[in-house]
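Notes follow once the structure below has been shown.
The values are calculated or read from the model by the stated rules, or taken from the named source; none is laboratory data. Remember, it's a predicted structure, so these values are computed and weren't measured experimentally. As a convention, Cβ positions derive from the backbone with ideal geometry for all residues, glycine included, and neighbour counts pool all protein chains shown.
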Ligand code: 2RA
């Protein structure tokens, strides 16, 4: 297949190339599109040395599948043109179309069938995709009524520049220098920032609202109640999430473990006696999302659970999920 990646020099674009290679995706041509600034430069990839091309709608339409790893504004303008009659299938990483009823929002393990026959498919926010790997199978088995989520989101959520800012900030802090911040609202190194994306009128951030909106759409469960507190933490590339759920049907930690052990794309990391639980360092660079610390909720008793989830933000939260969507279409 002729594959195009727009935003190929960014963190998600780079991971997408690697995931296509690692999963043996049938790539016959790989075209990397980026801004005028990067066009003409060569880049070393798992598919060899490739010259970056300037983006044009015509070139993108000549592909079979185009991955968009760019801003929502860019996607809003160009995705419909690329996907229009005779063009390519577009898999969009941005939030531009996620809440559009006509556009499927897909996590292949959960609602992959929604992608079939579509020309424009939206990839969820990383926080939602990682959460739903655990939440959706539990919802299917026990019916999730309400959920409370607290996130611990890595610097990679702000792209390659976010990762660089964390690294530089840590060096500056340890050298006793002032820590500078530009991608994040405050210095991130040795800090936590309870502010991701813009604040909404209801006091939640857009990042927090995305988790609710996208969970309902992907699980096809408009009745689920969910609130989220999203926090940026000084980890590099895996998001962690503490989750409390209230279920419609009784649930035990053992029953939940049985469900999650069978869930595709999930690794149970739940043996506290042996210090085994999900962590950013163990979840980084892995395809599976780790789930552990599963216990009966002290608030909801036998109709509630607390658990902890951790997944690679650049993989299941972005590149891997988009390649899995493409695999559904092949
Ligand atoms: C973040 N969820 O972590 C965003 C990235 N898509 O900043």
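Here are the numbers for the structure shown:
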{"read-out": "Within segment 61-75, considering residues that are surrounded by fewer than 24 Cβ atoms within 10 Å (Cβ to Cβ) and away from the ligand (no atom under 16 Å from the Cβ), the one nearest to residue 106 (Cα to Cα)", "value": "65"}
{"read-out": "Every pair of residues 6+ apart whose Cβ atoms lie under 9 Å, when the first sits in segment 206-223 and is in contact (Cβ under 8 Å) with a residue 40 or more places away in the chain and within 11 Å of residue 95 (Cβ to Cβ) while the second is part of a helix (DSSP H, G or I) and near the ligand (Cβ under 10 Å from one of its atoms)", "value": "207/127; 207/157; 210/127; 210/128; 213/128; 214/127; 214/128; 214/129"}
{"read-out": "Helices (runs of 4 or more DSSP H) within segment 57-174 that include 1 or more residues more than 25 Å from residue 5 (Cβ to Cβ), modelled with pLDDT of 95 or more and in contact with a strand residue (DSSP E or B) (Cβ under 8 Å, 6 or more places away or on another chain)", "value": "126-142"}
{"read-out": "Residue in segment 144-167 that is more than 14 Å from the ligand (Cβ to nearest atom) and at positive phi present", "value": "no"}
{"read-out": "Within segment 182-193, tally of residues that are in a loop (DSSP other than H, G, I, E, B) and surrounded by 15 or more Cβ atoms within 10 Å (Cβ to Cβ)", "value": "6"}
{"read-out": "Number of the exception - residue 216 against (1) in a helix (DSSP H, G or I); (2) over 23 Å from residue 144 (Cβ atoms)", "value": "(2)"}
{"read-out": "Number of the exception - residue 53 against (1) in contact with a strand residue (DSSP E or B) (Cβ under 7 Å, 6 or more places away or on another chain); (2) surrounded by fewer than 18 Cβ atoms within 10 Å (Cβ to Cβ); (3) farther than 25 Å from residue 157 by Cα", "value": "(2)"}
{"read-out": "Residue among 136, 141, 189 that alone is in contact with a helix residue (DSSP H, G or I) (Cβ under 7 Å, 6 or more places away or on another chain), away from the ligand (no atom under 12 Å from the Cβ) and over 23 Å from residue 218 (Cβ atoms)", "value": "189"}
{"read-out": "Residue in segment 302-321 that is modelled with pLDDT of 95 or more, farther than 18 Å from residue 106 by Cβ, out of contact with any strand residue (DSSP E or B) (no Cβ under 6 Å at 6 or more places or on another chain) and away from the ligand (no atom under 16 Å from the Cβ) present", "value": "yes"}
{"read-out": "Members of segment 96-130 that are surrounded by fewer than 21 Cβ atoms within 10 Å (Cβ to Cβ) and within 16 Å of the ligand (Cβ to nearest atom)", "value": "99"}
{"read-out": "Pairs where the first residue, in segment 225-245, is closer than 12 Å to residue 158 by Cα and away from the ligand (no atom under 11 Å from the Cβ) and the second is part of a strand (DSSP E or B) and modelled with pLDDT under 95, C-beta under 9 Å, 6+ apart", "value": "none"}
{"read-out": "Test result for residue 179, more than 17 Å from residue 309 (Cβ to Cβ), part of a loop (DSSP other than H, G, I, E, B) and either within 13 Å of the ligand (Cβ to nearest atom) or more than 21 Å from the chain's Cα centre (by Cα) (or both)", "value": "yes"}
